[in-house]
Amino acid sequence: MKTPTLLFALAVGLHFAPTIHAAPLDAFLTATRPAVQGEGQIELAYDVANDTVDILGIRKSNGDTTNLGDYHGGHLRAGIAVTPKLWLDGAVWLRDIDLRGSEAKVRSWQIAGQYKLVEGQGSRPAIALRLGAWGNRASRLGEAAAMQFLGARLDSVNMEQPRDRQLQLDAIATWQAFREWEVSAFGGIGTSHVDTGAISGTTTRGGCSYDLAFGPTEVIGTLAEPCSEGTVVERFSVPNSVYGVDVYREARYSSRFAHAGLSTEWSSGPWKLRVGYQFQILRRGRIDDIVRRRGGEPSTRNHILAGEVAYRIGRNVSLFLRGQYMQRQFTGEIPFAYNTFTARRFHKKYGIASAGVVFRF
């Protein structure tokens, strides 16, 4: 098998494995951006995760028997060399994620600036610093809570306008290993803040259904429908501190993260192959403590593997296939989706496949 064909087969196998890390696609960080002022690129892609593209059977290894986690969407990325040393880029993602029949429509964004401090020469690597901001937002996020609350079972929790925003600083070093190969190492730190709008829920108490509204200091319950079971309370109000579940605060939190990784890029003629690995650690303080107290295991680490194969079909146009594997689902990439109620879902493997086109100018 010829080298380009073999590389293509390997990359396709990686790409279509189901599911960071920190900002999306950080596993491909490199210090060698275009060095010609005004040079840049635009990337358009379709992203998907489902049983059809799960050729490695990772979803089956999770024990998934439903479409939990099916994902489809797309993204646009663009960057330009403002000067020979300064590179600016930005991106937007449209993500539709199926969660047991309810769909979360997540909109993500990213902006960053990267400055090359040292030009690479011989064994000396090119060194760059990168400062970026990124975030996610959805109109609504629902979760079956399945826990005791107010002496009854808390059936569900719904958050309006959940969102997160992150600030991240990275250092990147890239070596020109051989004529066709380069190797990069990177590491960085960042902060994250998760917020949400109104939070509501449902519970069954004394055989009656109640709608709940979670506030900063109290929970207000209202009878959801006529009920004839015993003594019916039309409305009640309870301080958050009484039952040890503070939904309002448990859905809003700040955290810190750090990550590091390695990547390599090979190019020859019209072919290009990239492979990257990333390891991430997250610290959510009281949120992780709450998960542990309730007998759960917080997801504080993630391993990410990404691969890409591209083929240039014209002077400035390339087609690519890309895959991203995550050991702990979207841990770190969509922070607002993680809270004390959803933590149990983040111990599963996941992956995303992408196919798209890159235009260079």
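Laid out as a table, the results:
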| read-out | value |
| --- | --- |
| Qualifying chymotrypsin sites (Phe, Trp or Tyr not before Pro) for region 151-195 [loop in DSSP, other Cβ within 10 Å: at most 12] | F178 |
| Whole-angstrom Cα spans of region 168-261 along principal axes, big to small | 80, 25, 20 |
| Added length on full extension, which subtracts the Cα-Cα distance from 0.36 nm per residue, L167 to S228 | 16.7 nm |
| Gain in span if fully extended, S156 to A35, counting 0.36 nm per residue against the direct Cα distance | 38.3 nm |
| Residues S254 and R124, FRET efficiency given R0 of 51 Å [Cβ-Cβ distance, rounded to 0.05] | 0.85 |
| Label point distance in nm, K85-H72, each placed 7 Å from Cα along Cα→Cβ | 4.7 nm |
| FRET E, pair L44, R286, Förster distance 56 Å, beta-carbon r, rounded to 0.05 | 0.85 |
| Ranking of L305, L262 by count of other Cβ atoms within 10 Å, fewest first | L262, L305 |
| Cβ-Cβ FRET estimate between W109 and D211, R0 fixed at 35 Å, reported to 0.05 | 0.60 |
| Kirkwood Rh in Å, taken over region 222-271 so that all alpha-carbon pairs contribute | 17.7 Å |
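Throughout, read-outs are computed from the coordinates displayed, never taken from laboratory work. As the structure is a prediction and not an experimental result, all values here were calculated from the model. Here Cβ is always computed from backbone atoms with ideal geometry, including for glycine, and neighbour counts include all displayed protein chains.
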